[in-house]
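For reference, the structure is listed below as structure tokens.
The values are calculated or read from the model by the stated rules, or taken from the named source; none is laboratory data. Note that this is a predicted model, so its numbers are computed, not measured. Cβ coordinates were reconstructed from backbone atoms using ideal geometry, including for glycine residues, and neighbour counts include every protein chain displayed. Note: accessible area is taken over every heavy atom of the protein model, side chains too, but ligands, DNA and RNA are not part of it. Shrake-Rupley method; radii C 1.70, N 1.55, O 1.52, S 1.80 Å.
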Amino acid sequence: MTSTSAAPSPAFTFSASTFQKLHPAEYFRKFISQGVRPDGRLLTGFRPTTVHYGVISTANGSAMVRVGGTTVVCGVKAEVAEPRLDSPDQGYLVPNVDLSPICSSAFRPGPPSEQAQVTSDAIDRVLKESKVLDLKDLCIEEGKAVWSLWIDVVCVSYDGNIYDAALASVMAALANVRIRKPTYDEGIVKVSGAQELDDDNSFKLNLNRTPLSASFVLFDTSLELLADPNFAEESICEGQISVTVDEEGQICALSKVGGGSSSPSILKECVDRAKERSKDLRALMQQQ
Amino acid sequence: MREAEPSTNEREFVLAALKEGARIDGRKFYDFRTLRLSFGSDYGAVEVQLGNTRVLAKVSCEVIRPFPDKPTEGFLTFNTELSPMASSAFEVGRQTDEEVLVSRLIEKAMRRSRALDTEGLCIVAGEKVWSIRVDIHFLDHDGNLVDAACIAAITALLHFRRPDVTVVGEDVTIHTLEQRNPVPLSIHHIPICISFAFFDNGERVLVDPTYLEEQIKEGDMTLTLNVHKEVCAMSKAGGIPMELDQILQCTKIAVVKVTELTALIQEALEADAKKRQVSRK
Amino acid sequence: MSRVELLSPEGLRIDGRRPAELRKITSTTAVLSQADGSAYLEHGNTKVLAAVYGPREARHRALVLHDRAIINVEFNVAPFSTGERRRRTKNDKRLLEMASFVKQTFEPVVVTTLYARSQIDIYLQIIQHDGGTLQACINAATMALIDAGIAMTDYVCACTAGWVEREAAIDLNHIEESSDTSEVTVAMLPKSGKITLMQMESRLHVDKLEEVLSLAGEGCKQMHVVMDKTIRDRAEDLAAKMAV
């Protein structure tokens with residue numbers, strides 16, 4: 001329904017979806033110029049998000065987060081391990097993000113892709129640097145046995161913005177974790193098996209902070225900022241900005257990758273929006 | 001490398017012959033090819049010849065530490081590698097589908113069914129146990145690798161003798177073959193695999209298919225039984241769907257075949273034992 | 001492991017079921033936005049997700065068949081799915097074997113001659129494992145293939161059965177599976193009643209075989225009813241929405 005030829009000779013007309021395939025950037029521009037995006041959101045709108053706790057009963061803690069079409073499931077398993085030599089009274093966290101072919105035809109089977117590794121690494125840094133958890137809480141017996149938490153995020157459906165969804169699911173799963181209280185007896189750690197978990201025989205993790213993130217992409221040489229990109233938007237935009245903020249509005253992590261140079265005002269706008277988003281997201285997670 | 005498919009002529013010929021109740025090599029539907037077992041000079045080395053299919057099995061043992069959560073159990077591992085020597089369809093290094101299925105079937109038949117008593121492999125609980133390793137080499141592929149491999153593996157295990165061990169308190173002495181006669185392994189039962197191939201919409205059932213019959217078959221099934229009429233493993237994956245009655249019919253056939261084959265194996269082992277006794281005298 | 005009583009004197013199993021009773025089954029189709037067809041299936045505590053992509057261009061030109069489609073199956077076991085966290089490598093023989101079984105089960109059922117020179121990918125994600133994984137995967141894959149609109153000659157319904165202490169029982173859970181009971185997984189085509197997949201790994205006497213197999217067949221028929229209802233409900237739903 002759009003003609004691309006200005007000449008009086010027969011104009012080409014084709015349907016919107018064909019136009020999207022032929023000139024994706026142009027298609028987008030037509031929407032952006034009106035202040036909306038193809039899926040109906042405003043430029044600064046985030047997709048509807050849902051959080052469910054305790055979806056995996058075999059894991060110590062689990063959560064499923066849906067951000068629009070991106071669905072991730074995070075499971076946390078606690079295992080007894082020997083502590084690292086330089087920190088004998090601290091446990092450790094091992095996050096891992098898995099992007100397998102099931103979630104999108106864009107991924108091929110095989111070793112973890114670059115995107116998966118980058119996301120895993122980013123989450124690992126946030127957990128470490130923001131001191132989300134006091135690792136001393138995970139100590140069972142100094143120098144001998146500590147809890148190691150294996151945090152596995154499995155992406156089930158991918159529609160852009162894996163980092164936000166993965167981080168939110170990790171935080172939700174950590175809040176959901178219950179670990180049985182162990183007894184340490186001469187080199188053997190015993191964990192009671194059968195009874196139901198309650199406050200006497202198990203403990204929940206004490207989270208110092210809950211950092212949550214908001215990601216943005218830059219469209220058309222850094223002129224327009226789009227919040228929470230979906231897969232189509234990610235493929236045509238250059239430049240991505242992610243801001244991770246905790247409860248007190250303090251920035252835990254900030255990253256800007258690609259795209260041309262952006263003015264400080266764009267970055268400030270991202271930070272402000274991230275603060276609002278993390279407030280909304282926290283309220284949503286509290287409700288469950 | 002993809003194996004050459006049989007020509008349409010060959011295919012039609014085999015299927016037409018089956019309709020008249022004949023197989024290409026003249027066997028009846030439920031006949032096995034001639035089974036020949038030859039033993040090496042070492043204990044635990046067996047070569048099986050099933051028609052043109054040849055499989056070699058070799059058993060070796062060593063003493064290692066057991067798993068901490070299973071301190072009295074020894075180890076039994078099977079190593080199957082389909083080398084290009086057997087058929088041009090196999091490649092070194094890359095695992096084909098068929099290889100995975102053959103090795104898993106052998107593991108299921110031998111290990112899961114507890115043919116070998118792993119508790120009897122314990123020397124000192126928590127510290128020393130025997131680890132038995134069975135290497136299966138496929139020398140020539142003319143159909144029905146699974147059955148031949150299974151017979152080779154179980155015969156090798158029956159034939160094998162491990163060094164005798166004396167434990168005095170903390171002291172463990174492993175005797176060499178000169179000092180003391182080696183001891184056989186304790187085998188609970190003898191599982192034998194019988195493979196079937198289905199043709200003509202499930203109407204014709206063949207036992208022990210050759211390579212040509214395997215390429216033309218519509219479906220297949222492998223049953224593993226022992227002489228005590230216990231089914232140790234069953235595997236039918238895809239291929240033409242079968243009625244329950246047809247499957248039960250196959251189990252009856254398998255029971256008969258297993259008795260025959262077990263008798264053959266026992267005979268061969270006894271003949272070999274006699275030969276060794278004579279040569280020792 | 002202490003001796004757990006698998007069958008109480010009244011004939012109830014460890015989770016309170018009767019021997020011929022299936023676990024609670026929940027199933028939904030079209031759960032994933034990116035896949036052409038998808039299904040989520042819960043057999044009690046075993047949770048499996050299946051996604052179907054295809055028919056689409058084959059990845060390796062060398063494998064393309066000129067007259068049929070090739071079916072490719074991949075398994076992914078989430079590390080938190082089992083009791084102890086175990087990182088299963090992609091080349092684990094057990095997983096490769098299960099993938100091979102699923103592939104061989106669907107090859108005769110899917111009308112591959114309609115989609116020459118293309119590839120149909122079935123991805124199975126095991127989210128939680130409590131016994132009966134192969135049966136759940138086959139059932140989920142069937143629903144996902146139907147959801148993707150790929151032509152098949154019949155449903156493929158799978159069910160496990162085994163001999164628990166004194167009786168034959170269906171749909172064994174993890175505790176029953178791991179405690180040395182014989183277990184057979186059977187996949188059946190409900191229209192003809194014929195068996196397309198049969199796997200057993202443990203010892204069972206020939207005389208008990210018939211009872212166990214026919215009970216498994218009954219279980220498959222029950223599965224078919226559940227799966228059919230889900231598919232039909234969804235189809236009616238879609239038809240209602242399109243009629244507007």
- Backbone HN-Hα couplings from phi across segment C:152-168 [Karplus 6.51/-1.76/1.60, Hz, Gly and Pro as x]: 9, 7, 6, 5, 10, 10, 10, 8, 9, 9, x, 9, 9, 6, 10, 10, 7
- Task: Report, ordered by chain and residue number, the lysines lying within cross-link reach of residue A:30, taken as a straight Cα distance under 24 Å and ignoring same-chain residues fewer than 8 apart.
- Result: A:21
- antiparallel share of DSSP beta bridges within segment A:42-287, to nearest 5, in %, is 90 percent
- Query: When only Cα pairs under 8 Å and 6 or more residues apart are kept, what is the percent relative contact order across chain B?
  - Reply: 19 percent
- What order, most packed first, do the peptides C:229-238, A:210-219 have when packing is the mean number of other Cβ atoms within 10 Å of each residue? A:210-219, C:229-238
- Query: Taking each residue of C:32-43 in turn, how many C-beta atoms of other protein chains fall within 10 Å of its C-beta, and what is the average?
  - Reply: 4
- Angle in degrees between helix A:162-176 and the longest Cα principal axis of chain A, rounded to the nearest 10: 30 degrees
- Top mean-square fluctuation among A:209, A:273, A:29, Gaussian network model of chain A, C-alpha springs under 10 Å? A:29
- In segment B:64-189 the DSSP beta bridges are antiparallel at a rate, in percent to nearest 5, of 60 percent
- Cross-link reach from residue C:194 to aspartates and glutamates, straight Cα distance under 13 Å and at least 8 residues apart if same chain, gives B:243, B:245, C:154, C:218
- So for B:217, A:131, what's the accessible-area order with a 1.4 Å probe, most first? A:131, B:217
- Message: Using only alpha-carbon positions, what ratio does the radius of gyration of segment C:25-243 give when scaled by 2.2 N^0.38 Å?
- Response: 1.02
- To the nearest whole number, what is the average tally of beta carbon atoms from other chains within 10 Å of the beta carbons of peptide A:101-112? 5
- Task: Based on the mean of other Cβ atoms within 10 Å per residue, sort peptides B:8-18, A:69-79 so the most packed one is first.
- Result: A:69-79, B:8-18
- With springs only between Cα atoms under 10 Å, which of B:259, B:53, B:224 fluctuates most in a Gaussian network model of chain B? B:259
- On the first, second and third principal axes, largest extent first, how far apart are the outermost C-alpha atoms of segment B:82-207 in Å? 65, 32, 28
- Item | Of B:116, B:13, B:150, farthest towards positive along the dipole that unit charges on Lys, Arg, Asp, Glu beta carbons give chain B | B:116
- Report the charge-dipole magnitude of segment C:25-243 in Debye, nearest 20, computed about the Cα centre from +1 at each Lys and Arg Cβ and -1 at each Asp and Glu Cβ. 900 debye
- residue C:123 - accessible surface, heavy atoms, 1.4 Å probe, Å² rounded to 10: 10 Å²
- Listed residue pairs exceeding 26 Å between alpha carbons, taken from A:144/B:70; A:77/A:144; B:19/C:103; B:19/B:236; A:204/C:93: B:19/C:103; A:204/C:93
- Item | Backbone HN-Hα couplings from phi across segment A:16-33 [Karplus 6.51/-1.76/1.60, Hz, Gly and Pro as x] | 4, 5, 5, 4, 4, 6, 7, 10, x, 5, 5, 4, 4, 4, 4, 6, 4, 4
- Query: Which FRET efficiency, nearest 0.05, do residue A:191 and residue C:93 yield, Cβ-Cβ r, R0 35 Å?
  - Reply: 0.65
- Heavy-atom accessible area of residue B:158 with all protein chains present, probe 1.4 Å, nearest 10 Å²? 40 Å²
- Message: Could you work out [θ]222 nm for chain B from helices alone, using -39500 (n - 2.57) per DSSP H run of at least four and dividing by all its residues? Round to the nearest 500 deg cm²/dmol.
- Response: -9500 deg cm²/dmol
- Message: For residue C:214, project a label point 7 Å along Cα to C-beta. Then give me every residue of segment C:185-203 with its amide nitrogen under 20 Å of that point.
- Response: C:185-199
- Item | Positive-pole candidate from C:219, C:144, C:209, dipole of segment C:25-243, charges at beta carbon | C:144
- Message: Checking the cross-link filter: which lysines have an alpha carbon closer than 17 Å to that of residue C:191, excluding same-chain neighbours under 8 positions apart?
- Response: C:221, C:229
- Message: Report the Cα centroid-to-centroid distance between segment C:142-171 and segment A:244-263 in angstrom, as an integer.
- Response: 50 Å
- Query: For C:129, B:141, A:23, what's the largest-to-smallest order of accessible area, 1.4 Å probe?
  - Reply: A:23, C:129, B:141
- Message: Using a 1.4 Å probe on the protein heavy atoms only, what accessible surface does residue C:117 show? Give it in Å² to the nearest 10.
- Response: 150 Å²
- Tell me, what is the Rg over Rh of the protein assembly as shown, with Rh the Kirkwood radius over Cα pairs? 1.01
- Rounded to a whole number, the mean other protein chain Cβ count within 10 angstrom for residues of A:74-81 is 3
- Inter-label distance, nm, simple model (7 Å from Cα along the C-beta direction), residue C:243/residue C:116: 4.0 nm
- Message: Treating only the Cβ of Lys, Arg, Asp and Glu as charged (+1, +1, -1, -1), what charge dipole size does the protein assembly as shown show about its Cα centre? Round to the nearest 20 debye.
- Response: 560 debye
- Task: Using amide H atoms built 1.01 Å from N in the peptide plane, name the residues 5+ places from residue B:183, or on other chains, whose amide H lies under 5 Å from its own.
- Result: B:162, B:164
- Message: Between helix C:133-147 and chain C, what is the angle of the helix's C-alpha long axis to the longest principal axis, kept within 0 to 90° and rounded to the nearest 10?
- Response: 30 degrees
- Task: Report relative contact order for chain A in percent, whole number only (criteria: Cα-Cα under 8 Å, sequence separation at least 6).
- Result: 17 percent
- Can you give me the P(r) profile for segment B:60-135? Cα pairs, bins 10 angstrom wide beginning at 0, each as a whole percent. 19, 37, 27, 15, 2
- Query: Looking at chain B, which Cys residues are left with no other cysteine's beta carbon under 4.7 Å from theirs?
  - Reply: B:61, B:122, B:232, B:250
- Message: So for chain C, averaging the separation of alpha carbon pairs under 8 Å that are six or more residues apart and normalising by length, what relative contact order in percent results?
- Response: 21 percent
- How big is the equivalent ellipsoid of chain A along its three axes, where each semi-axis is √(5λ) from the Cα gyration tensor, reported in whole Å from largest to smallest? 44, 19, 16
- Query: Check residue A:202: other-chain or 5+ apart residues with amide H under 5 Å from its amide H, H built from backbone geometry?
  - Reply: A:181
- Message: Just to be sure I understand: with springs between alpha-carbon atoms less than 10 Å apart, which residue in B:136, B:154, B:216 has the highest mean-square fluctuation in the Gaussian network model of chain B?
- Response: B:216
- Any idea what the dipole of chain A comes to, in debye rounded to 20, about its Cα centre with Lys/Arg Cβ at +1 and Asp/Glu Cβ at -1? 780 debye
- Task: Give me the distance in nm between label points sitting 7 Å out from Cα along the Cα-to-Cβ direction at residue A:283 and residue A:14, one decimal.
- Result: 4.5 nm
- Query: Each residue of segment B:204-218 in order: what ³J(HN,Hα) in whole Hz does its phi give by Karplus 6.51 cos²θ - 1.76 cosθ + 1.60, θ = phi - 60°, with x for Gly and Pro?
  - Reply: 9, 10, 10, 10, 6, x, 7, 4, 5, 5, 5, 6, 9, 4, 8
- Message: Going by average Cβ density within 10 Å per residue, which order do the peptides A:50-58, A:255-263 take, highest to lowest?
- Response: A:50-58, A:255-263
- Task: Could you tell me how many degrees, from 0 to 90 and to the nearest 10, lie between the Cα long axis of helix C:206-243 and the main elongation axis, the longest principal axis, of the Cα atoms of chain C?
- Result: 40 degrees
- Counting DSSP beta bridges with both partners in the protein assembly as shown, what percentage is antiparallel, nearest 5? 85 percent
